[in-house]
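The values are calculated or read from the model by the stated rules, or taken from the named source; none is laboratory data. Here the structure is a predicted model, which means the values were calculated and not measured. Glycine also receives a Cβ, built like all others from the backbone with ideal geometry; neighbour counts cover every protein chain displayed.
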Amino acid sequence: MSSSFVVCKDCGDSSAAVEWGFVLLARHGWTAQLGDAGGEPEWRCPACNERHAASGVWDLASDSDPPRRRLRVLLVDDQVLVLRATAGMLRELDVVTAGSAAEALAKLADGSHFDVIVSDVSMPQMSGPELYVRIRERHSHLAERFLLLSGDSYGASLLCSAIARRENLPSMPKILDKPVPRDVLLREVDSVGHRRLPRSGTFAVGDLEPSPQRAKTK
């Protein structure tokens, strides 16, 4: 395309194609329909795609899959400026912030739904890895949708290893180095947020509906 922007054919909303790249645009709900030979594709934004999905209307000529919904992210960091900056990097998503691990647990306890949790490692009272342990115990479906951020990846790895040994855990969440590039953060959040949870052999089984075979044995 000659333009730096893609524009929704329905509502006129735009997104910076140069900054995002077409692959990431598609991952976050933008869909394209090819026009005549030699013509530019026609784009539709996530909001218009959701409206079309709700009404059951889809372009039969489009080969693209239905768009994935916008992820809801719980972002946890005790440093206000870092929290705001990181939230800005995820501005295309539905971001809720928490200034401490305790505040994050309170938001989960009140029934708030989240697809991904992104937490700083080094925080007072309760660290990011310790928050992960609590969430794994209370909200096990989120255990594989958890990312850690740290400006000291070596120290963070040591802390995670110590906590994993103490709690007898097979693994800990992935650690992203601060400052994390925006495209890397978006890609990692998208990856864990749309991850298919395994239905056997993991701690997540308890949160899933029992299979027919398991139901018969009860």
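Total residues in region 88-103 satisfying the condition of being outside any strand (DSSP E or B), closer than 11 Å to Leu75 by Cβ and within 16 Å of the chain's Cα centre (by Cα): the figure is 4. The single condition among (1) modelled with pLDDT of 50 or more; (2) exposed (fewer than 15 other Cβ atoms within 10 Å of the Cβ); (3) of a type outside the set (Asp, Glu); (4) assigned to a loop (DSSP other than H, G, I, E, B) that Val180 does not satisfy is (2). Based on what the data block shows, is Ile175 under 27 Å from Leu83 (Cβ atoms), over 20 Å from the mean Cα position of the chain (by Cα), at pLDDT 90 or above and surrounded by 14 or more Cβ atoms within 10 Å (Cβ to Cβ)? It is false that Ile175 is under 27 Å from Leu83 (Cβ atoms), over 20 Å from the mean Cα position of the chain (by Cα), at pLDDT 90 or above and surrounded by 14 or more Cβ atoms within 10 Å (Cβ to Cβ).
A single member of Ala204, Ala215 is small (Gly, Ala, Ser), closer than 20 Å to Asp115 by Cβ and modelled with pLDDT under 95, and it is Ala204. No other residue among Leu142, Leu159, Leu169, Leu149 is in contact with a helix residue (DSSP H, G or I) (Cβ under 7 Å, 6 or more places away or on another chain) and either under 23 Å from Arg195 (Cβ atoms) or not assigned by TED's automatic domain parsing to the domain that holds Arg187 (or both) apart from Leu142.
Kindly evaluate Ser161 against the criterion of being of a type in the set (Gly, Ala, Ser), assigned to a loop (DSSP other than H, G, I, E, B) and exposed (fewer than 14 other Cβ atoms within 10 Å of the Cβ). Against the criterion (of a type in the set (Gly, Ala, Ser), assigned to a loop (DSSP other than H, G, I, E, B) and exposed (fewer than 14 other Cβ atoms within 10 Å of the Cβ)), Ser161 does not qualify.
Restricting attention to region 107-129 and to residues that are part of a loop (DSSP other than H, G, I, E, B) and charged (D, E, K, R), the residue that is farthest from Leu186 (Cα to Cα) turns out to be Asp110. Restricting attention to region 117-124, does a residue exist that is hydroxyl-bearing (Ser, Thr, Tyr), assigned by TED's automatic domain parsing to the domain that holds Ala162 and more than 15 Å from the chain's Cα centre (by Cα)? Among the residues of region 117-124, at least one is hydroxyl-bearing (Ser, Thr, Tyr), assigned by TED's automatic domain parsing to the domain that holds Ala162 and more than 15 Å from the chain's Cα centre (by Cα), which makes the answer yes. Within region 130-155, the set of residues being more than 19 Å from Glu188 (Cα to Cα) and of a type in the set (Ser, Thr, Tyr) comprises Ser140, Tyr154.
For region 161-183, filtering for residues that are among the acidic types (Asp, Glu) and within 17 Å of Ser127 (Cα to Cα) leaves 2.
Within region 145-160, residues that are over 8 Å from Val121 (Cβ atoms) and without any contact (Cβ under 8 Å) to a residue 24 or more places away in the chain reach partners that are of a type outside the set (Gly, Ala, Ser) and assigned to a strand (DSSP E or B) with beta carbons closer than 9 Å, at six or more positions or on different chains, in the pairs Ser157/Ile175. The lone criterion from (1) at pLDDT 95 or above; (2) within 16 Å of Pro181 (Cα to Cα) left unmet by Ala101 is number (2).
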